[in-house]
Amino acid sequence: MKENNPRIKLYIACSLDGFIARENGSIDWLAEYENSPETDYGYSEFFSSIGTVLMGRKTYEQVLGFGLWPYGEKKTYVFTRQNEPLRRERNIKFVSEDVGKFVRRLKENTDEDIWLVGGSQLIRAFLEEDLVQDLIVFVVPVILGSGIPLFDRIGKEVRLRMIDTERYEGGLVRLEYEIEG
């Protein structure tokens, strides 16, 4: 029997009105919080606690635009309905099979926690199939008015239990929840 049961954790930032990006996918509104001299908002500790990164194709292509690959040597799986994105980084595998089947098999073969990076369509699929255990959401003090929603038409109620909150100097708030059930 497995020693550790890995948890899938959604770790993401959103605007106060619940958007993870502008309608065109831009996250320019997050720039002032990325390299804060005061804190990394617990990112280093979180990043060291996970062994695998999961993301959708649009998120992957956006991350490629950042320059250096930010996930280092972490195993990364990119969910896509296309054959192959334009560029491939090290330690990347593209997944086009059923999300639930893939994730259940992945959890059986790893002991470390798993980071669900995004985007919105993949988050919806994970929540619909009860694959996420923890939500760590950073609420950024900005109202975008429109954009790509964090939780887009999930189609069911998801009950949460508050684990922790933290308020940062610049007005950003970290909310940590465990999914009940």
Spacing of the two label points (7 Å from each Cα toward its C-beta) at residue 40 and residue 16, in nm: 2.9
Heavy-atom surface of the chain, accessible at 1.4 Å and reported per residue (Å²): 58
Within straight-line cross-link reach of residue 93, lysines at Cα separation under 19 Å, skipping those fewer than 8 residues along the same chain: 58, 74, 75, 101, 107
Charge dipole magnitude, Cβ of K and R +1, D and E -1 - segment 8-179, Cα centre, debye nearest 20: 740
Highest average packing first - 17-25, 173-181, Cβ atoms within 10 Å: 17-25, 173-181
The chain: proportion of alpha-carbon pairs further apart than 22 angstrom, %: 46
FRET efficiency estimate (nearest 0.05) - Cβ-Cβ, residue 109 to residue 151, R0 22 angstrom: 0.15
Cα centroid separation, segment 50-127 to segment 165-181 (Å): 24
Accessible surface of the chain [probe 1.4 Å, protein heavy atoms]: carbon and sulfur percent: 47
DSSP-defined antiparallel bridges as percent of all bridges, segment 8-179, nearest 5: 40
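The values are calculated or read from the model by the stated rules, or taken from the named source; none is laboratory data. Just so it is clear, the model here is predicted, and its values are computed rather than measured. Quick reminder, even Gly has a Cβ in these numbers, built from the backbone with ideal geometry, and neighbours come from all protein chains shown. Keep in mind that these areas ignore ligands, DNA and RNA; they rest on the heavy atoms of the full protein, side chains included. Shrake-Rupley method; radii C 1.70, N 1.55, O 1.52, S 1.80 Å.
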